[in-house]
1. What number of residues in the stretch 208-234 are within 20 Å of A56 (Cα to Cα) and basic (K, R)?
2. Take L264 and decide whether it is part of a helix (DSSP H, G or I), more than 19 Å from D176 (Cα to Cα), within 19 Å of the chain's Cα centre (by Cα) and not acidic (D, E).
3. Looking at D442, D435 in this structure, which one is modelled with pLDDT of 95 or more, surrounded by fewer than 17 Cβ atoms within 10 Å (Cβ to Cβ) and either acidic (D, E) or in the same structural domain as A182 (by TED's automatic domain parsing) (or both)?
4. Within the bounds of the stretch 411-429, is there any residue that is more than 24 Å from R73 (Cα to Cα), modelled with pLDDT of 95 or more and either outside the structural domain of R38 (by TED's automatic domain parsing) or over 21 Å from the mean Cα position of the chain (by Cα) (or both)?
5. For the stretch 77-113, what are the residues that are assigned to a loop (DSSP other than H, G, I, E, B) and polar (S, T, N, Q)?
6. Please state which of the following conditions G317 fails to meet, knowing it meets all the rest: (1) touching a helix residue (DSSP H, G or I) at 6+ places or on another chain (Cβ under 8 Å); (2) over 21 Å from N62 (Cα atoms); (3) crowded, with 18+ Cβ neighbours inside 10 Å.
7. Within the stretch 348-370, which residues are assigned to a loop (DSSP other than H, G, I, E, B) and either under 29 Å from P196 (Cβ atoms) or touching a Phe, Trp or Tyr at 6+ places or on another chain (Cβ under 7 Å) (or both)?
8. Looking at (1) modelled with pLDDT of 95 or more; (2) within 16 Å of G398 (Cβ to Cβ), which one does R162 not meet, given that it meets all the others?
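The values are calculated or read from the model by the stated rules, or taken from the named source; none is laboratory data. It should be emphasised that the depicted structure is a prediction, and the values quoted were computed from it without experimental measurement. Ideal geometry is used to build each Cβ from the backbone, glycine not excepted, and the neighbour counts take in all protein chains shown.
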Amino acid sequence: MTEYITEPARQTQVAAKCDLVVVGGSCTGVFAAVRAARLGLDVVLVERANMLGGAAGTGLVNIWHTLMDTDDREQIIAGLTAETLDRLKSRGALTVQNNRSSTYNFNPYELAILLDELVKSPYGSDSTGQGRIRLMLHTLFCTVVSESDRVSAVIVENQDGRSAIITDFVIDATGDGYAARALGIESYTNGYIQPPTACFHMQGDMRGVDIGRLTALHGEEFGLSDDWGWSTFVSGCENITMRADWHIFGLRCDIADDLTKAELEGRRQAHAFVSKLNKYVEGRHYAITSLPSSLGLRETVHYKTRFQATELPLLTGKRYDAPVMNGTYPVDIHHSEGGGISFRYLDGSERTVYGKGTRTETGSWRERLGYTGEPAKYYQLPFDILVGNGWSNFIAVGRMLTADMSAHGALRVMVNLNQLGEAAGVAAALCRDGDIDLRLLDGKRVTETLKKGGSAL
């Protein structure tokens with residue numbers, strides 16, 4: 001039996017009034033705030049952590065995928081993603097690799113500082129605008145206040161206590177859809193939720209180290225099973241790698257207790273991995289140099305909008321009248337158990353890898369699905385991926401987007417979600433300036449405004 005208490009009614013002090021509140025300081029949220037500010041909106045950006053960047057900052061995931069089409073001829077992603085990469089390169093914090101799956105390797109600490117600058121500078125770093133961004137770190141989202149089909153305020157808590165932010169528009173960029181849940185927007189899951197990974201930074205020479213062999217011989221001793229994973233170097237840091245070698249299975253990270261257990265298991269895995277290396281790799285020493293402040297969550301729940309992304313239209317590159325995102329990252333599905341991962345690529349091929357390369361299966365999804373058209377050079381999403389039916393001034397954007405399992409496996413990466421954040425910021429500005437119900441906004445206006453702001457659509 002569930003017990004309840006009744007909280008006493010209270011008056012809540014108003015901390016700010018603004019045109020737009022963005023809840024969540026992921027890159028998706030930051031880019032939404034900056035785009036809106038450049039179009040003249042006064043924005044409050046709320047983040048519960050001590051820094052911006054989300055998975056790329058507190059989660060330590062330090063790669064962004066290619067900005068080019070599959071032929072490497074046309075740049076299909078630009079906007080704030082490209083601007084950020086250019087700025088990272090100028091300060092020596094970016095390495096460009098000839099690898100489509102991890103083209104841009106950056107230093108996540110430098111990225112966090114750059115995002116600070118992007119948000120703090122006048123007009124969201126663009127002197128042509130009129131808006132401002134007020135950043136509120138260490139600030140917890142509590143709930144929303146709504147009237148009819150409009151959100152009128154966001155309730156937060158921080159060192160100053162509980163307060164309200166009165167606003168004309170709200171963007172939920174939390175990844176888990178905290179504001180969407182508070183509004184009662186319908187949610188769903190796709191069969192199983194792709195398992196998370198706790199990324200961490202480790203110092204030590206990994207040249208010639210066969211992780212698969214070490215795991216086969218000594219994994220049981222350290223509680224580490226054969227599992228697919230990956231790693232990359234940290235740009236500008238000698239002998240430091242970002243490790244993402246193991247998944248965390250059997251836990252639902254949309255449940256509080258499971259999320260706590262997952263965080264503990266992730267840190268245990270990091271310590272076990274380093275301990276195994278120090279015991280069995282002779283003549284070298286390894287050490288954890290940084291643990292993530294947040295788990296690398298691939299998926300929790302999804303919130304329904306007008307448009308659902310599905311596998312075949314995505315893989316075949318269907319075009320839309322009002323696109324808000326381009327991408328090439330393949331379908332990438334991490335298995336819920338057994339330590340495997342499945343890829344499906346735009347060229348029609350597919351590949352499943354089990355464990356640390358112990359077994360690989362290849363095939364063709366084109367043959368399997370009976371598709372005979374030309375391979376797509378990139379895919380798109382339309383504006384309606386951002387529009388729900390119930391609320392006139394609210395957008396939920398990020399990895400909780402409406403998509404089936406396969407489409408979500410391609411769309412959830414940062415270079416894709418960054419673009420959706422920008423589109424959400426533009427939509428908020430157009431609605432605010434024209435006093436337009438989001439549900440009635442012409443998506444083509446969003447596309448054209450994005451283009452004028454530097455997006456490649």
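1. Narrowing the stretch 208-234 to residues within 20 Å of A56 (Cα to Cα): 229-234.
Cutting the leftovers down to basic (K, R) gives us none.
Within the stretch 208-234, residues that are within 20 Å of A56 (Cα to Cα) and basic (K, R) number 0.
2. Numbers: part of a helix (DSSP H, G or I): yes; more than 19 Å from D176 (Cα to Cα): yes; within 19 Å of the chain's Cα centre (by Cα): no; not acidic (D, E): yes.
The answer is no for L264.
3. Working: D435 fails: modelled with pLDDT of 95 or more.
None of the others qualify; the one that does is D442.
4. So far as the stretch 411-429 goes, yes, one or more of its residues are more than 24 Å from R73 (Cα to Cα), modelled with pLDDT of 95 or more and either outside the structural domain of R38 (by TED's automatic domain parsing) or over 21 Å from the mean Cα position of the chain (by Cα) (or both).
5. Within the stretch 77-113, the subset assigned to a loop (DSSP other than H, G, I, E, B) is 77-78, 91-93, 97-99, 103, 107.
Result: Q97, N98, N99, T103, N107.
6. Result: G317 passes all but (1).
7. Initial filter on the stretch 348-370 (assigned to a loop (DSSP other than H, G, I, E, B)): 348, 355-358, 370.
Within the stretch 348-370, G348, G355, K356, G357, T358 meet the criteria.
8. (2)
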